[in-house]
1. Regarding residue 84, is this residue touching a residue at least 40 places away in the same chain (Cβ under 8 Å), farther than 27 Å from residue 62 by Cβ and among the charged types (D, E, K, R)?
2. Can you tell me how many residues within the range 100-121 are in contact (Cβ under 8 Å) with a residue 24 or more places away in the chain and of a type in the set (Asp, Glu)?
3. Quick check on the range 254-271. Is at least one of its residues over 19 Å from residue 210 (Cβ atoms) and free of Cβ contacts under 8 Å to residues at least 60 places away in the same chain?
4. Can you go through 295, 291, 260, 265 and tell me which one is of a type in the set (D, E, K, R), outside the structural domain of residue 125 (by TED's automatic domain parsing) and modelled with pLDDT under 95?
5. What are the residues in the range 51-78 that are of a type in the set (Ser, Thr, Tyr) and assigned to a helix (DSSP H, G or I), if any?
6. Is it the case that the range 144-155 has a residue that's at pLDDT 95 or above, more than 30 Å from residue 244 (Cα to Cα), out of contact with any strand residue (DSSP E or B) (no Cβ under 7 Å at 6 or more places or on another chain) and among the β-branched types (Val, Ile, Thr)?
7. Considering only residues that are under 18 Å from residue 177 (Cα atoms) and of a type in the set (Lys, Arg), look in the range 199-241 and name the one that is nearest to the chain's Cα centre (by Cα).
8. Just checking, which of 215, 197, 180 is touching a residue at least 40 places away in the same chain (Cβ under 8 Å), assigned to a loop (DSSP other than H, G, I, E, B), assigned by TED's automatic domain parsing to the domain that holds residue 293 and crowded, with 16+ Cβ neighbours inside 10 Å?
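The values are calculated or read from the model by the stated rules, or taken from the named source; none is laboratory data. The shown structure was predicted, so the numbers you read here are calculated from the model rather than taken from an experiment. Note that we place each Cβ from the backbone using ideal geometry, even for glycine, and neighbour counts take in every protein chain shown.
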Amino acid sequence: MQKRVAQATAKAPSAARKTKQSVTEQLERAESEGGTGTINTGPGSKLDVTNLGKVYFPKARLTKGHVMRYHAALARIILPVVADRPLVLKRYPDGIRREGGAFFQQSAPDKTPAGVRVEKVRTADGMEPRIVGGDLTTLLYGVQIGAIELNPWHSRVGSLRYADYAVLDLDPGPKAPFALVLQTARWIREVMDELGLTGSVKTSGGRGMHIYLPLRARTSFATARVVADLIAQHVNAARPAETTLIRPLKKRPPNAVYVDVGQNDYGKSVAAAFSLRAREPGPVSTPLEWDELSDSLEPESFTMDSVLFDAKRRAEVWRRGLRRAINLERLIRTRRASTRRARAKGPA
């Protein structure tokens with residue numbers, strides 16, 4: 001892990017390299033001196049860190065220090081992904097071994113260090129303070145309080161009522177192989193191509209996958225849900241035995257892939273690109289090229305080490321897929337034309 005961090009930082013431009021090495025070196029020093037220290041995270045910013053030697057992933061032998069250095073090494077890649085977005089942090093103060101001790105941190109703690117961004121955000125319970133991503137101090141503070149998984153909202157401070165993208169979350173049943181998840185993603189890509197849509201795909205960090213479709217500015221969450229649902233309905237109609245849209249877990253067929261569009265709502269979130277997931281061996285939710293979706297793909301191969309080695313390329317893959325926002329007017333015209341053609345053919 002330390003070798004990968006050094007390799008990753010060595011590839012950065014000189015100014016960024018100096019800052020990044022400074023933070024990782026400080027963390028390494030704090031680990032060697034008992035796991036506690038004060039880290040300078042930038043001009044005028046610092047963060048107290050503790051318990052860096054605490055084991056978070058027992059089988060992989062990864063500590064809190066490993067997790068923090070991973071985030072420091074990939075900061076310039078992770079920060080744009082979460083910038084200005086309220087964060088839902090899943091905290092594991094004693095590591096992943098004690099699942100019962102895990103909990104979600106929605107509102108910001110009563111006291112946060114100077115430099116950690118906190119904004120008042122409207123929720124069902126009124127205006128609440130939320131931790132907002134986008135800077136190194138805030139990113140590392142999440143790790144300091146035990147967060148392993150980083151879940152940003154789909155909207156940003158200043159435009160929280162509008163979705164930046166629509167999300168399809170592929171969640172396999174207990175008897176559905178990962179190969180079927182990959183096939184479902186390929187079917188979704190076929191529908192996207194038919195409708196003239198682009199998007200990005202990534203592993204979930206588990207047995208699922210996430211597909212993001214970029215939306216134009218000021219697109220409502222209701223519209224985001226319609227876009228995602230249009231694709232999900234199309235795929236399910238063509239593959240009813242292999243996919244399902246049934247939301248209640250107990251009613252879903254165990255050998256099908258659930259195409260979940262329910263995350264397209266205000267305040268919802270899924271694991272960010274490059275977020276760690278709280279399972280062995282420390283997998284990362286990793287952006288993929290669409291042509292990587294072959295049956296030989298193994299999601300557990302995307303760990304901190306492998307992602308650090310290839311992060312720059314995968315960050316560009318992620319950005320490229322989200323670059324061209326959906327033209328909803330053209331989507332509607334394409335859909336209407338497809339419907340007319342189907343009606344003209346008549347019943348099969």
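1. Yes; evaluated as a whole, the condition is true for this residue.
2. 1
3. For the range 254-271, residues over 19 Å from residue 210 (Cβ atoms) and free of Cβ contacts under 8 Å to residues at least 60 places away in the same chain: absent.
4. Of the residues listed, the single one that is of a type in the set (D, E, K, R), outside the structural domain of residue 125 (by TED's automatic domain parsing) and modelled with pLDDT under 95 is 295.
5. Start the filter on the range 51-78 by keeping residues that are of a type in the set (Ser, Thr, Tyr), which leaves 56, 63, 70.
Answer for the range 51-78, where residues must be of a type in the set (Ser, Thr, Tyr) and assigned to a helix (DSSP H, G or I): just 70.
6. no
7. 202
8. Values: 215 fails: assigned to a loop (DSSP other than H, G, I, E, B); 180 fails: assigned to a loop (DSSP other than H, G, I, E, B).
Selected residue: 197, the only one of 215, 197, 180 that is touching a residue at least 40 places away in the same chain (Cβ under 8 Å), assigned to a loop (DSSP other than H, G, I, E, B), assigned by TED's automatic domain parsing to the domain that holds residue 293 and crowded, with 16+ Cβ neighbours inside 10 Å.
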